[in-house]
Structures are given as C-alpha cells and as structure tokens.
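Encoded as structure tokens, the structure appears first; notes follow it.
The values are calculated or read from the model by the stated rules, or taken from the named source; none is laboratory data. Just so we're clear, the structure is a prediction, and the values are computed from it rather than from any experiment. Here the Cβ positions follow ideal geometry from the backbone for every residue, glycine too, while neighbour counts run over all protein chains shown. Heads up: the accessible areas ignore ligands, DNA and RNA and are worked out on the full protein's heavy atoms, side chains in. Shrake-Rupley method; radii C 1.70, N 1.55, O 1.52, S 1.80 Å.
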Amino acid sequence: MRSTKTSLRERLTENLEFLGLKRMIEIYAEQVRAAGKEDLSHEAFLDRLITEEAAARFERLVKNRMAQARFPTTKTIDSFDFVHPKKIDRAQIQHLFTLAFVEEKANVLFLGNHGLGKTHLSLALGYEACQRGISTRFTTALDAINELTAAMADGSFVTALKRYTRPRVLILDEIGYLPVSREGVELLFQIITTRYETGSIILTTNRPFKQWGKLFGNDNSLAQAVVDRLIHHAEVVVLEGDSYRMKRGK
C-alpha cells in the first residue's frame, strides 16, 4: 500500500496539474522543505507559493504579448538617441512611457521626417506595453490595408478587422510614405473609427495633417474625418532634424 504521505503528495500534484499551477508543481517539494527549516507559518508558505506562481504566469503572459505584437524588431527607450533630432521634447517622451495614455484610451501621434526615430519610439512604447501585460499589435499602414483588402475578397473581413481592433494598443506605422487609394483610406478609417475612445493608436507619419487630403487621393473630407478621430484625445509628438540614416551614410 502507498503511504499516506505519498498519497497526499500525489493528490496535491494531481490537483495542481488540474488547476494549471505549473510553477507550484515545480517548486512545491523544495518549498515544503524550506518552510520547515525556516519555520514559516501556513500563511507565509502559501504566500510564497502563490507569489512564485503569479510571477511565472506573468512571465508567460509577457512572452505571449511579445509574440502576438509582431514587432519587426525589438526597440527600447534606453537605446533611443535623444541627441540626434534637432527638436524633441524629452520630457514629453518620458511621460509617454508611463503608459497613462493607454489607460485613458488616448492616441500618440509621431510626426516628422524619415530617419528621426518615430518607428523606434513607437516600437519602444509597444515593447513597454507588452512588458506590462498589455495586448499590442504592430503593423504598417500598407500591410493593414493589404490584409483587410484580401480578407474582403475571401469573406474573412470581420475576423481580420478584429486583429486591429481588439488589442489595447495598435501601432500604425508609416502613414504618408506612399499614396493610399480611396478603398485603402476607408479601411484605415474603419480601423480608427472602431478603436475611437476604446483603445489606443500609436501612429507614425512623415506628413503634416494638412497634407493628408492630397495623400488620400485629394479626398479632403475623408482625410479630415480620419484626422479628427486621431487627434481627439491624442498626444502629438513632433520630431525635427535630418535623417539619422542619411547622416551615417555621409
């Protein structure tokens, strides 16, 4: 016959497996011995187990958030060169990394010429959001338009649209680098309208808002509608200077 001690240990393991408490299974025996040596109270022992389990779960959550975000590369605020742009509000940038705008369901709009670090900062904000367990998705404007256009053709549009509307943070990169068809603008408008006051958009563009009508096929009304929803409840960050990549190439 199995001893009562062995039966208890096996029953505990089975119940922990059933509850999905993977970290507790890994450390239980070790922590039982440590609790005996340290003369821990039952409450302190339970707190130690739960703390370890919570930390392991959060680590897995962050890993999943990073995978789901689809970042093309990992960038952090620590690796950003604040010296290069001729104009940048460092205090404004640092405040953004509190992620208060996510709780407020507000947007962050990076404006400036290419090569100033707009995408770097947007990716760094996305990275910080993932580290805090916040659902995030990165896409270029063109990729989002192409995916939704294809989804309209094969009948999966609703599912595809949710990929851009469900995450709490959507990074929409490179608006303005290429002209957008009316159909493309309408798809972007649908993403932005659906997210309006329900989730945050981090957007990068090299074009002033007043030029968006020309960018969007001279449809000034639609461009204004897009801009209105973006800048309402938004932090606008302006970067000025010469391209970092062009400077390095000289």
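Keeping all protein chains in place, calculate the accessible area per residue for the range 15-140 (probe 1.4 angstrom), answer in Å².
57
For the range 1-93, place one equal point scatterer on every Cα, skip the solvent, and apply the Debye formula. What is log10 of I(q)/I(0) at q = 0.19, 0.20, 0.23, 0.26 Å⁻¹?
-0.98, -1.04, -1.20, -1.32
For the chain, list log₁₀ I(q)/I(0) at each q in 0.07, 0.17 Å⁻¹, using the Debye formula over Cα point scatterers of equal strength and ignoring solvent, two decimals each.
Per q value, in the given order, log10 I(q)/I(0) is -0.36, -1.24.
How many nm separate the modelled label positions at Tyr196 and Thr159, each set 7 Å beyond the Cα in the direction of the Cβ?
2.9
Which of the trypsin sites (Lys or Arg not before Pro) across the range 154-235 are loop residues per DSSP, with 13 or fewer other Cβ within 10 Å?
none
Given axes a ≥ b ≥ c from the Cα gyration tensor, I'd like to know whether the range 147-250 is rounded (a/c under 1.5), prolate (a/b larger than b/c) or oblate.
Verdict is prolate for the range 147-250.
Considering Cα pairs under 8 angstrom that are at least six residues apart, work out the relative contact order of the chain and quote it in whole percent.
Rounded, it is 25 percent for the chain.
Sorting Ser135, Ser79 by accessible area (1.4 Å probe), largest first, what list results?
Largest accessible area first, the list is Ser79, Ser135.
Could you give the longest part of the chain that holds none of the GluC sites (Glu not before Pro) found in DSSP loops with at most 13 neighbouring Cβ atoms within 10 Å?
1-103
Gaussian network model of the chain, Cα springs within a sub-10 Å range: biggest mean-square fluctuation belongs to which of Arg33, Arg65, Arg48?
Arg33
What spacing in nm lies between the two simple spin-label points modelled at Lys210 and Phe189, each 7 Å away from Cα in the Cβ direction?
Label-label distance for Lys210 and Phe189, simple model: 2.3 nm.
For the chain, set up a GNM with springs between Cα atoms under 10 Å and report which of Leu96, Leu21, Leu109 has the largest fluctuation.
Looking only at Leu96, Leu21, Leu109, the largest GNM fluctuation is found for Leu21.
Mind checking the dipole of the chain: about its Cα centre, +1 per Lys or Arg Cβ, -1 per Asp or Glu Cβ, Debye to the nearest 20?
With only Lys, Arg, Asp and Glu charged at Cβ, the dipole is about 480 debye.
Quick one: compute a quarter of the convex hull surface over the Cα atoms of the range 68-123 and quote it in nm².
Spelled out: convex hull of the Cα atoms, projected over all directions, averaged, 4.6 nm².
Write down, largest first, the equivalent ellipsoid semi-axes of the range 94-173 in whole Å, where each equals the square root of 5 times an eigenvalue of the alpha-carbon gyration tensor.
Semi-axes, largest first: 25, 16, 9 Å.
Could you give the radius of gyration (one decimal) and Dmax (whole number) of the Cα atoms in the range 111-153, in Å?
Looking at the range 111-153, its Cα Rg and Dmax stand at 13.5, 37 Å.
Quote the FRET efficiency, to the nearest 0.05, computed for Ile231 versus Asp89 with a Förster distance R0 of 22 Å and r equal to the Cβ-Cβ distance.
The pair Ile231/Asp89 has a calculated efficiency of 0.80.
Springs between alpha-carbon pairs under 10 angstrom, Gaussian network model over the chain: which of Phe82, Phe71, Phe45 fluctuates most?
Most flexible of the set in this elastic network: Phe45.
Note down the relative contact order for the range 163-250 as a percent, whole number, built from C-alpha pairs under 8 angstrom at least six residues apart.
Over the range 163-250, the number comes to 32 percent.
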